[in-house]
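What follows is a short report on a single structure.
No value in this document is a laboratory result; all are computed from the given coordinates. From a predicted model like this one, the values you see are computed outputs, not experimental measurements. Because the Cβ atoms are built from the backbone with ideal geometry, glycine has one as well, and the counts that use them run over all protein chains shown.
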Amino acid sequence: MASLRCFLRSGKKAVTAVLRREFHGTPPAAVQVTVRDALNQAMDEELERDERVFLLGEEVAQYDGAYKVSRGLWKKYGDKRIIDTPITEMGFAGIAVGAAMAGLRPICEFMTFNFSMQAIDQVINSAAKTYYMSAGLQSVPIVFRGPNGASAGVAAQHSQCFAAWYGHCPGLKVVSPWSAEDARGLLKSAIRDDNPVVFLENELMYGVPFEMSEEVQSKDFLIPIGKAKIERQGTHITLVSHSRMVSLCLDAAAVLAKEGIECEVINMRTIRPLDAEAIETSIMKTNHLVTVEGGWPQFGIGAEILARIMEGPAFNYLDSPAVRVTGVDIPMPYAKILEDNSVPQIKDIIFSIKKTLNV
Amino acid sequence: MRKMLTIISNVLRGSASRNGAELVSEGARVVVSARTYADFTPQASFDIKKCDVHKLEEGPPLQAVLTREEGLQYYRTMQTIRRMELKADQLYKQKIIRGFCHLYDGQEACAVGIEAGINLSDHLITAYRAHGYTLTRGGTVREIMAELTGRRGGIAKGKGGSMHMYTKHFYGGNGIVGAQVPLGAGVALACKYLGKNELCVCLYGDGAANQGQIFETYNMASLWKLPCIFICENNKYGMGTSVERAAASTDYYKRGDFIPGLRVDGMDVLCVREATKLAAEHCRSGKGPILMELQTYRYHGHSMSDPGISYRTRDEIQEVRSKSDPISMLKDRMLSNNMASVEELKEIDVEVRKEIEDAAQFATTDPEPPLDDLCNHIFYNDPPMEVRGTNPWTKLKSIS
């Protein structure tokens, strides 16, 4: 029985299917899981697995989480492991980093990453740089997580994307999941990683359900940090994106497929370290690149990807200049019509693809 | 309605008895009061709760004088805020208002009492529970509601939303907890610098009171004797966290340490006014900053996405409503001292309701901002510039 379980976990789907049919006569039990529940389950399992893991942040305990991501955890683990903090980001982020330095493995939640700006000194100067400054003596195994980027109608101070800001800094790992599977596997990896990880979630994705295979549901399912995933194979153009924008890319690809344009959609999964190799391999196949992000254009994710492609072997494979689809270069307005036109829409992606392909 | 009353009133004055005569028109079922203003008590003195003080010789007087005019004005303004917030609740549930919406009902005495203790030429800044202050600082219900619904007639042209409303000498409406406090001290610095005898009222909540930047601000405001009234609106809960779970010391009026402080009954508009007058006098006399803690209560949850009953009981909310409602308190005071009639106050209610209805009508029918306003207002006093759209081929225009 144990060896059978090993087989199942190692993900040999065909074997799984056959064995299952022999013993139980039913196919593998995939389930629909929302991103929120995937995050919740990942944290639950990691809290159970390692006593040193704990969660702190505003409203994470008795309120069940501002966005209900930590629902049920305080009830299960109590005050020692799930800690409600006052509304003092600089303070509690610093406390979390200190705890990590002294041997614990904190998960520090920012209600949104906009509020992490109040604490950014602790994230960068106290967490990211310490292992280097101490020449390997002091590590900081901490995860900073929370929703990032635009939401709906929350206006300028609550809609900023911090992927580029954190992605800029050596010493940090920066992760940006899209699907429930991403959320689960990457959060587990982040918590088990001995380095500071910035985990950028997305509020609009929390309620979105995804199918999760049996393998992904296993307690030791991990997604390696630093490896992108090809969500859709294609031949004519490479689309590179992260977080919620992956959904839009897939939607654009579905529309274009009807016109005979096959897009390869890459889900970055990790911002830093950036999986340039996956992007390069894809470009060498498709010869065209469009990046899609929700954040602002200047010095952004797309800007970095395009620069790396220019500097690397894939440049010579490009048949036309690589192009970025980004948020509009303005603070986020409140009114719906303005907000809708401040972030990439599917039509913007399609437009950019067609211009790049010259069709 | 008012016109009709005046005409009928004049007619009746022309005829016989004038004291206490009431006319009930059977057809229209309208109750018309023929009592003139001479019948009402022009002003009265009321006992107000004693304020606990910190590093102050004395608090405000234990009695406050209220004139009839003041009473009617405070009543009207508080009722306007109350009904405006309830209308916002309704519109939010209909999904006509979206995003964040933090309602102020229950706390009306704070906004109205503070404004009664300062001048419009003074300055004020607060956090995100700001609709009431936008009104008391000169905004109209129409432009506030149209901002909530994101229309071009909104006070910020639809670009700011609930948390980002501004008027003259009112600096918002701020979304980041605590950040408005250093800003307020900065405004106070400008007041002192420019020498116009103005001051800044700088508001924050019990949740924000633990923020480090507030203590940094206390230090500098005190060192440099800035004319700043720090006001902590303590409504007992920072989102879902009660004050006992967030603060090692819940004596917020003492947290300024070297800054004198007073703790005020925030449900009594007169208490708030008297305390604000004392604080304003303190600042204007060059003594530096002062801190007020207003003990108040919000009926709604933290925001529209918080039902507000997972961390407090319905009984608690009901108890405050029945025993300490700021509008009821003022109404009872005025009626029992013959400063106004029931009909008069009812008439104000009717007028307020109409004003809110009109504003809501405007807010739901006014068009959304035009798309060519998207990129405007990036820079002030700058020549027009180009802004990148979502892709390199979309170049948008930005005007100051």
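Overview of values
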read-out	value
For segment B:124-193 and segment A:211-233, distance of Cα centres in Å	46
Relative exposure of B:His123, B:His282, judged by other C-beta atoms within 10 Å (fewest first)	B:His282, B:His123
Cut-off 12 Å between beta-carbons: net charge of the residues surrounding B:Arg273, Lys and Arg +1, Asp and Glu -1	-4
Mean separation of Cα contacts under 8 Å (6+ apart) over length of segment A:229-357, as relative contact order %	27
Long-range HN-HN contacts of A:Val174 with modeled amide H, under 5 Å	A:Val198, A:Ile271, A:Arg272
Cβ-based exposure ranking for A:Val292, A:Val323, B:Val350, in which fewest neighbours within 10 Å come first	B:Val350, A:Val323, A:Val292
All lysines inside 20 Å of B:Lys397 as judged from Cα atoms, apart from same-chain residues fewer than 8 positions distant	A:Lys336, B:Lys157, B:Lys159
Most fluctuating residue given options B:Glu108, B:Glu357, B:Glu85, as computed from a GNM of chain B linking Cα atoms under 10 Å	B:Glu357
Taking segment B:43-372 and dividing mean pair separation by its residue count, relative contact order in percent (alpha carbons under 8 Å, at least six apart)	25
Net lengthening on full extension, A:Ala152/A:Gln233 (0.36 nm per residue, minus Cα-Cα)	26.1 nm
Environment charge of A:Lys336, counting only residues whose C-beta is closer than 12 Å and scoring Lys/Arg +1, Asp/Glu -1	+1
Under 5 Å, built H, 5+ apart or other chain: amide partners of B:Val387	B:Leu396, B:Lys397, B:Ser398
Residue order, fewest to most beta carbons within 10 Å, for B:His131, B:His164	B:His164, B:His131
Set of lysines with alpha-carbon distance to A:Lys355 below 18 Å, sequence-local pairs under 8 removed	A:Lys258, A:Lys347, B:Lys395
For segment A:32-217, size of Cβ-based charge dipole, Lys and Arg +1, Asp and Glu -1, in debye	360
Computed [θ] at 222 nm, helices only, for chain A once each DSSP H run of length n ≥ 4 contributes -39500 (n - 2.57)	-11000 deg cm²/dmol
Cβ-defined net charge surrounding B:Cys51, 10 Å radius [Lys, Arg +1; Asp, Glu -1]	-2
Cβ-Cβ FRET estimate between B:Leu371 and B:Ile96, R0 fixed at 22 Å, reported to 0.05	0.60
Whole-Å distance, taken between Cα centres, linking segment B:278-338 and segment A:112-158	37
Separation in nanometres of the label points that stand 7 Å from Cα toward Cβ, at B:Asn119 and B:Ala190	1.8
Qualifying lysines (Cα of each under 26 Å from Cα of A:Lys188; at least 8 residues distant if same chain)	A:Lys12, A:Lys13, A:Lys68, A:Lys75, A:Lys76, A:Lys80, A:Lys129, A:Lys173, A:Lys219, A:Lys227, A:Lys229
GNM top mover of B:Ser303, B:Ser322, B:Ser121 - chain B, alpha-carbon springs below 10 Å	B:Ser322
Two-site label geometry, A:Leu204 and B:Ile399: point separation in nm, points 7 Å out along Cα→Cβ	3.0
FRET efficiency, 1/(1 + (r/R0)^6) with R0 56 Å, evaluated for A:Val359 and A:Gln32 via beta carbons	0.95
Estimated FRET transfer efficiency (A:Leu137, A:Glu311; beta-carbon r; R0 25 Å; 0.05)	0.15
Model label zone, A:Ala257; criterion: amide N under 17 Å from point 7 Å along Cα-to-beta-carbon; scope segment A:194-220	A:211
At least 20 Å along the helix axis (C-alpha) and Kyte average at least -1.0, DSSP helices within chain B	B:180-194, B:269-284, B:342-365
Spin-label zone in segment B:317-349 - amide nitrogen under 18 Å from a point set 7 Å from the Cα of B:Gln63 along the C-beta vector	B:333-334, B:336-339
